[in-house]
Structures are given as C-alpha cells and as structure tokens.
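Every number in this text was worked out from the coordinates using simple rules, so none of it is lab data. Worth saying up front: this structure is predicted, and the values here are computed from it rather than measured. Backbone-built Cβ (ideal geometry, glycine too); neighbour counts: all protein chains shown.
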Amino acid sequence: MILVFTEVFARVRNLQAVRGALAGVLASFVGLLAVVLLQLGGVALTTPASIALAAAAFVAVRWFKFDIVWVFVGGITVWAALLAAGVV
C-alpha cells in the first residue's frame, strides 16, 4: 500500500493544488503540536529544576545538535542525581 501511495505522490507532488493541500496539512500539524506542547508544558514544568532541565535539553538539541537519545539519557541521569540529592 505504501508503494502505491509513493508512486502516486511522486506523480502529483508538483501540482499546485497538491502543494497547497500539503502546506495546509503542515500548518495544521504545527498548530496542533504547539497546543500539545503548551498543555504538556503547563502540567510538567512546575519546578525550577524541571524548567532548567527542559531548557538545557532544548539547547543541547537545537544548537549543539546532540542526538535525542543521549539528551534523554542525560536528562534521566541528571534527574536521578537531583532526586538522590534531595533537590527535587
């Protein structure tokens, strides 16, 4: 089924109507992603430590181009150390 859709998409992706539809779908996806991010951030980021950890993860991925797996492992390690120290 994927092969069929790939072949069809390869033929119609340069049509103006298809490009417009894809732009609309992409815009709605970005909007939904932003809403989910704001909702989750409001629930999950409640302490200064969690806000600092989220900011550090964002900087590591965005500007230093760290792999997301290593950022995840590092975040868990830092969070465990904060829990063990009684900071969180």
If one compares the long axis through the Cα atoms of helix 2-12 with the longest principal axis of the Cα atoms of the chain, the angle in degrees, nearest 10, works out at 60 degrees
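Give the calculated FRET efficiency between W79 and A27 to the nearest 0.05, with a Förster radius of 30 Å applied to their Cβ-Cβ distance. Show your work: numbers first, answer last.
Details: r = 35 Å, r/R0 = 1.15.
For W79 and A27, the calculated efficiency is 0.30.
Please say if region 1-44 is rounded, prolate or oblate, where rounded means a/c under 1.5 for a ≥ b ≥ c the square roots of the C-alpha gyration tensor eigenvalues, and otherwise the choice is prolate for a/b larger than b/c and oblate otherwise? Walk me through the intermediate numbers first.
Values: a/c = 7.18, a/b = 2.32, b/c = 3.09.
In terms of gyration-tensor shape, oblate.
Kirkwood Rh over Cα pairs of region 45-88 into Stokes-Einstein at 4 °C, 1.567 mPa s: D in µm²/s?
On the way: Rh = 10.7 Å.
Using the Kirkwood radius from Cα pairs, D works out to 121 µm²/s.
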Label points 7 Å out from Cα along the Cβ direction at V59 and R19: separation in nm?
4.0 nm
Helix 16-44 sits at what angle to the longest principal axis of the chain, using alpha carbons and giving 0 to 90 degrees rounded to 10?
20 degrees
